Amino acid sequence: MPPPSNLAGLLTAAAEESPDRIALVEAAGGRRVTWSEVDAEVDRVAHGLAELGLVAGYRVMIAVTNRIEFITTYLGVLRAHMVAVPVNPRSATGEL
């Protein structure tokens with residue numbers, strides 16, 4: 001089987017290889033999630049975007065602070081074949 005060709009594919013491979021291994025640790029509070037938990041949440045995000053009617057190629061603005069949800073949202077957007085556009089959540093409306 002060829003190696004994954006994108007970041008979302010690498011996540012799936014990590015979840016299959018080491019599902020119970022810690023993947024992310026949040027700096028504030030130390031919350032930890034495993035590779036399988038990250039992969040499942042990324043799937044939920046990707047499916048949720050599709051249920052909202054978004055399709056491949058759409059741009060999705062992400063305004064989330066440095067949290068695990070930023071990572072899962074970013075990867076979910078990529079898994080759905082959309083374009084992630086991270087922005088500073090503290091930006092003024094005019095800046096966005």
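The values are calculated or read from the model by the stated rules, or taken from the named source; none is laboratory data. These numbers were taken from a predicted model, which means no experiment stands behind them. Because the Cβ atoms are built from the backbone with ideal geometry, glycine has one as well, and the counts that use them run over all protein chains shown. When the accessible area is computed, the model is the full protein with side chains, heavy atoms only, and any ligands, DNA or RNA have been set aside. Shrake-Rupley method; radii C 1.70, N 1.55, O 1.52, S 1.80 Å.
Side notes on the structure shown:
- The residue pairs whose first member lies in region 1-12 and is at pLDDT below 75, whose second member is open to solvent by less than 60 Å² (accessible area, probe 1.4 Å) and among the aliphatic types (A, V, I, L, M), and whose beta carbons are closer than 6 Å, counting only pairs six or more residues apart or on different chains, are Pro4/Ala13.
- Qualifying residue in region 75-82 (condition: of a type in the set (A, V, I, L, M, F, W, C), open to solvent by 50 Å² or more (accessible area, probe 1.4 Å) and free of Cβ contacts under 8 Å to residues at least 24 places away in the same chain): no
- Flag for Arg21 being open to solvent by 40 Å² or more (accessible area, probe 1.4 Å), under 19 Å from Thr73 (Cα atoms) and over 13 Å from the mean Cα position of the chain (by Cα): no
- Some residue of region 36-45 being in a loop (DSSP other than H, G, I, E, B), surrounded by 14 or more Cβ atoms within 10 Å (Cβ to Cβ), among the small types (Gly, Ala, Ser) and modelled with pLDDT of 95 or more: no
- Pick from region 46-74, criterion open to solvent by less than 30 Å² (accessible area, probe 1.4 Å) and assigned to a helix (DSSP H, G or I), ranking: nearest to Gly29 (Cα to Cα): Ile68
- Contact annotation: residue pairs with Cβ atoms under 6 Å, 6 or more positions apart or on different chains, pairing a residue in region 24-42 that is within 24 Å of His81 (Cα to Cα) and of a type outside the set (A, V, I, L, M, F, W, C) with a partner that is surrounded by fewer than 11 Cβ atoms within 10 Å (Cβ to Cβ) and at pLDDT 95 or above, are Thr34/Asp20.
- Test: Glu26 is open to solvent by 40 Å² or more (accessible area, probe 1.4 Å) and of a type in the set (Asp, Glu): no
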